[in-house]
Amino acid sequence: MNTQSQTRATLSSTAYLLRHMLVTSHRTIAIATPLIERAEQVKYLAAMKGLSFPVLGAAPLFDGLKLVTSTTPAWALYNLSHDPLWQTGSFPIPAKHLRRLRRLYRAGAEFDALYVAHELPPDFRPEQEHLELSLVAPPPPVAATRLSQRLGRTTDGILALYAATLGKSIKVLALTGAAGLLLLRDPILMGTVIPPGINPEPGVPAVWFLLAAWRW
Amino acid sequence: MQRETLGQFLQRANVYEHTPVSIDPALRRGAWLSWLMTSIYWVFYRYLPDGSVLVSSPFFRWTRRWLADTWDFVADHRQVFLTACVFVFSMILVLLAMTRGFRVADIRLQIALFTPVIFAAINLPFIVTLLLPVLVNMLLWFCLATLVLIAGVALLGALFWMASR
């Protein structure tokens with residue numbers, strides 16, 4: 001399966017999950033024609049660039065933390081502004097997803113508010129009002145860690161070669177093994193569009209799009 | 001309601017694969033070592049005498065031609081070697097600042113940090129090649145001195161033996 005097909009498959013299955021989380025948790029809302037037109041415009045602009053961003057459905061905007069505990073694992077949905085990682089000043093995102101979003105933005109698409117969904121650990125207590133950074137922070141990139149170890153081994157090998165040539169012995173540090181990956185929560189990025197001319201406030205009807213979903 | 005648009009998100013988003021990670025201790029060690037070796041190479045190339053100076057010295061009579069050829073090559077290209085050393089030295093200084101003392105680096109800086117290590121590794125056998133005629137010359141003088149000493153001792157021994165008969 002090539003990368004594009006993989007991305008589409010991941011987005012489709014994630015969209016199915018998110019539709020249940022968003023739409024079933026709300027009553028049916030009326031969607032005005034301007035909102036439909038706005039959503040269609042975003043889909044059109046994406047299609048012009050050969051991109052596809054699944055529509056999750058229509059649901060009102062909300063602020064604060066929304067917990068979905070009816071699924072396994074549990075999920076947390078919230079406004080990107082409240083994301084602990086976002087509040088550190090930067091938000092890491094895999095390169096291929098960033099490229100897709102930049103292409104979408106350059107095509108002229110804009111979203112009124114971004115939301116993030118995170119898997120929650122089994123021991124997460126629903127009484128907690130906010131998420132800690134440790135729950136959402138990504139692990140160090142595996143590729144960079146492995147490259148550093150490989151370059152370190154090569155450096156030690158070069159030193160060992162020269163030392164052996166000079167008749168001395170040098171201990172080459174053994175590789176301690178690949179860095180263990182923390183099973184961290186997979187973030188999902190969603191974008192919302194609202195009818196033009198309306199201020200984005202909690203309760204305003206919006207069409208939700210799935211922008212990106214990935215595993216660290 | 002505080003909100004972020006896609007444009008605002010793209011301004012703050014950064015590539016995950018470029019997140020800095022801790023530099024492997026062996027690579028860190030190699031970086032420090034390559035800094036030291038590059039400094040030594042610069043001094044060596046800067047103050048290496050011309051081959052013609054050595055050719056006239058009676059001490060280097062055994063490897064005169066060999067020495068002159070190799071050291072003249074370096075003397076003719078001295079500026080190239082010195083420039084390369086200065087470039088690598090500056091590169092290490094910049095990387096030292098960017099990696100906070102060779103502690104953390106993203107994937108691109110890790111590759112850049114390996115470059116001085118390769119430079120130091122390549123120069124070492126080259127410098128050994130330059131010093132080899134000197135070492136061989138010294139070794140030959142040592143052998144000659146040993147032979148003379150053995151011959152002298154043998155002659156003395158023979159004289160004493162003849163005198164005692």
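Filtering region A:63-77 down to residues that are under 16 Å from residue A:206 (Cβ atoms) and surrounded by fewer than 20 Cβ atoms within 10 Å (Cβ to Cβ), which residue is farthest from the other protein chains (Cβ to nearest Cβ)?
Pass one, region A:63-77, residues under 16 Å from residue A:206 (Cβ atoms): A:63-64, A:66, A:77.
When the remaining residues are screened for being surrounded by fewer than 20 Cβ atoms within 10 Å (Cβ to Cβ), the result is A:63-64, A:66.
Working: A:63: 5, A:64: 10, A:66: 14 Å.
Restricting to residues being under 16 Å from residue A:206 (Cβ atoms) and surrounded by fewer than 20 Cβ atoms within 10 Å (Cβ to Cβ), the top hit is A:66.
For every residue, the table says whether it meets (1) at pLDDT 90 or above; (2) in contact with a Leu (Cβ under 7 Å, 6 or more places away or on another chain); (3) buried (at least 17 other Cβ atoms within 10 Å of the Cβ).
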{"position": "B:88", "(1), (2), (3)": "yes, no, yes"}
{"position": "B:94", "(1), (2), (3)": "yes, no, no"}
{"position": "B:98", "(1), (2), (3)": "yes, yes, no"}
{"position": "B:103", "(1), (2), (3)": "yes, no, no"}
{"position": "B:110", "(1), (2), (3)": "yes, yes, yes"}
{"position": "B:135", "(1), (2), (3)": "no, no, no"}
{"position": "B:143", "(1), (2), (3)": "yes, no, no"}
{"position": "B:151", "(1), (2), (3)": "yes, no, no"}
{"position": "B:160", "(1), (2), (3)": "yes, no, no"}
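Close Cβ contacts (under 6 Å, 6 or more residues apart or on different chains) running from residues in region A:190-216 that are in contact (Cβ under 8 Å) with a residue 24 or more places away in the chain to residues that are among the acidic types (Asp, Glu) comprise A:192/A:112; A:193/A:112; A:194/A:112; A:200/A:112; A:202/A:63; A:215/A:186. Among what's in region A:99-119 and is within 7 Å of chain B (Cβ to nearest Cβ) and among the acidic types (Asp, Glu), pick the residue that is surrounded by the most Cβ atoms within 10 Å (Cβ to Cβ). Ranking the qualifying residues of region A:99-119, first place goes to A:112. Checking each residue in region A:140-162 for being at the interface with chain B (Cβ under 7 Å from one of its Cβ atoms) and more than 19 Å from residue B:33 (Cβ to Cβ) picks out A:140, A:141, A:143, A:144, A:145, A:147. Of all the criteria given as (1) among the aliphatic types (A, V, I, L, M); (2) within 11 Å of chain A (Cβ to nearest Cβ); (3) farther than 30 Å from residue A:97 by Cα, the one not satisfied by residue B:74 is (2). Any idea which residue in region B:31-58 is surrounded by the most Cβ atoms within 10 Å (Cβ to Cβ), counting only those that are at pLDDT 90 or above and in contact with a Phe, Trp or Tyr (Cβ under 8 Å, 6 or more places away or on another chain)? For region B:31-58, the residue satisfying everything is B:34.
A single entry from B:159, B:140 fulfils the requirement of being in contact (Cβ under 8 Å) with a residue 40 or more places away in the chain, assigned to a helix (DSSP H, G or I) and of a type outside the set (S, T, N, Q): B:140. Might you check whether a residue that is crowded, with 19+ Cβ neighbours inside 10 Å, assigned to a loop (DSSP other than H, G, I, E, B), without any contact (Cβ under 8 Å) to a residue 12 or more places away in the chain and at the interface with another protein chain (Cβ under 7 Å from one of its Cβ atoms) occurs anywhere in region B:10-23? No: zero hits. The set of residues in region B:6-51 that are more than 26 Å from residue B:101 (Cα to Cα), of a type outside the set (Gly, Ala, Ser) and in contact with an Asp or Glu (Cβ under 6 Å, 6 or more places away or on another chain) contains only B:6.
The values are calculated or read from the model by the stated rules, or taken from the named source; none is laboratory data. Just so it is clear, the structure is predicted and the values come from calculations on it, not from any experiment. Please note: Cβ atoms are built from the backbone with ideal geometry, for glycine as well, and neighbour counts cover all protein chains shown.
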